[in-house]
1. Filter segment 48-84 down to residues that are in contact with a Cys (Cβ under 9 Å, 6 or more places away or on another chain) and either among the hydrophobic types (A, V, I, L, M, F, W, C) or free of Cβ contacts under 8 Å to residues at least 12 places away in the same chain (or both), then give me how many there are.
2. Checking the conditions here, which among 45, 30 is open to solvent by less than 60 Å² (accessible area, probe 1.4 Å) and over 25 Å from residue 128 (Cα atoms)?
3. Can you give me the number of residues within segment 179-205 that are more than 20 Å from the chain's Cα centre (by Cα) and farther than 17 Å from residue 230 by Cβ?
4. Kindly provide the set of residues from segment 354-370 that are of a type in the set (D, E, K, R) and either part of a helix (DSSP H, G or I) or over 18 Å from residue 38 (Cβ atoms) (or both), ordered by number.
5. Among (1) part of a helix (DSSP H, G or I); (2) touching an Asp or Glu at 6+ places or on another chain (Cβ under 9 Å); (3) buried (at least 16 other Cβ atoms within 10 Å of the Cβ), there is one condition residue 130 misses while meeting the rest; what is its number?
6. For residue 313, indicate whether it is in contact with an Asp or Glu (Cβ under 6 Å, 6 or more places away or on another chain) and over 30 Å from residue 390 (Cα atoms).
7. Any residue at all in segment 66-78 that's part of a helix (DSSP H, G or I), surrounded by fewer than 24 Cβ atoms within 10 Å (Cβ to Cβ) and at pLDDT 95 or above?
8. For residues that are open to solvent by 50 Å² or more (accessible area, probe 1.4 Å) and assigned to a helix (DSSP H, G or I), scanning just segment 11-24, find the one that is nearest to residue 393 (Cα to Cα).
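The values are calculated or read from the model by the stated rules, or taken from the named source; none is laboratory data. Just so it is clear, the structure is predicted and the values come from calculations on it, not from any experiment. Cβ sites come from the backbone with ideal geometry, for glycine too, and all protein chains shown count toward neighbours. Protein only, heavy atoms only, side chains kept; ligands, DNA and RNA dropped before computing areas. Shrake-Rupley method; radii C 1.70, N 1.55, O 1.52, S 1.80 Å.
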Amino acid sequence: MSNIKNAELWRSGKDKIDWVRSYMPLLSLIEEDFKKNQPFAGMKISMSIHLEAKTANLAKVLRAGGADVRVTGCNPLSTQDDVAAALVHEGFEVNAVHGTDEQGYTRDLINTISFCPDVLIDDGGDLMQLLHGEYREYGKNLIGGCEETTTGVHRLMAKEAAGKLEYTMIDVNDANCKHLFDNRYGTGQSTLDGIMNSTNLMIAGKTFVVAGYGWCGKGLAMRAKGMGAVVIVTEIDPVKAIEAVMDGFTVMPMDEAAKIGDIFVTLTGCSDVITEKHFKVMKDGVLLANSGHFDVEINKTHLADLAYEIFDRKPNIKGYRMPDGRILNLLAEGRLVNLAAGNGHPAEIMDMSFAIQAKSLEYLAKNRGKLQKKLYAVPEEIDMAVAQLKLRTMGMSIDVLTQEQKEYLSRID
């Protein structure tokens, strides 16, 4: 039994799904193969990913491979209720409601794994947390799963380091065809989309502070610079800081950046990146946004404690009026601004990421009983096959080594 907001919204959701399917040719090719070979025949798949149109397309591709698929979100504010309704209309069980509270969100996660899946897709690690806790019985059939994002991978690494990882997992996030494109180009564009859609303000001419210079931060800094912003990067890693400088950005601690920034975006995967001491020195009217997985990078408790008035300014923007009259603007409740206040990554980008997901799940299914309970990298052959397919769909081709070149490269002098 599904738990969604309104089944009558399905037509709007179907239009969204049909639209993105037109721009996800990789998944279409994989879908054709899955229909023919049925790699998931008789299997059950649980999915916890941001529930919007591209995710719905992935769910349909997996079902085409013979699976019974259950779907939920991985963040209450990124769920699109019309897309959830469209999936239910097509016969999927869906447990996800936009804006649900923490209790409702956890209940939806539990319902998504309660049929004891054979494989799963996690985004942020919440399904894995449940399966390592009081809901271990729902993992009795689990061959393994795939993790989509940096935060979830960090959680899995911590479990593995402590000797407590109880399932086989594949680190999709660090596949080349995922992080080099999804994290960089996807996050770069979609974060700006979320900010601009919410605020209707200029990027050009503003001082734009990017917290964290991983692949997501690199993509956002590049895009903000391209739109005319003066970009400042804050970092804790000296190597990444040097890279940011050589990419043309100014690097400084957040304590200094807080005084001069107009727009702040956190993308670190850590907590308390922007805190009370920073709020106290910020300009009137600053925009505060987060593109990290959890809403802990901007300390909302500190912000609320400092404010003498908190009020809604417009959809997805809450104003915090300070005692001296300054207003600090928090976007999307400090959650993922590109999804909570936008439509997430472009379809062409998620085509690659979800192609990696689909092929990695197929790999798990084919290797049932052969893999250890640890975190694996995506096999290189999957990464390269997806890259080759992507080039083909882009109408591009590359050179191939001759036998003589192969022998030259493998020579021993």
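1. Number of matching residues: 2.
2. The conditions single out 30.
3. Going through segment 179-205 one residue at a time, the tally reaches 2.
4. Of all residues in segment 354-370, those of a type in the set (D, E, K, R) come to 359, 362, 366, 368, 370.
Residues satisfying the conditions are 359, 362, 366, 370.
5. (2)
6. Considered against the rule, which asks whether it is in contact with an Asp or Glu (Cβ under 6 Å, 6 or more places away or on another chain) and over 30 Å from residue 390 (Cα atoms), residue 313 comes out as no.
7. Checked segment 66-78: no residue is part of a helix (DSSP H, G or I), surrounded by fewer than 24 Cβ atoms within 10 Å (Cβ to Cβ) and at pLDDT 95 or above.
8. Checking each candidate, the answer is 21.
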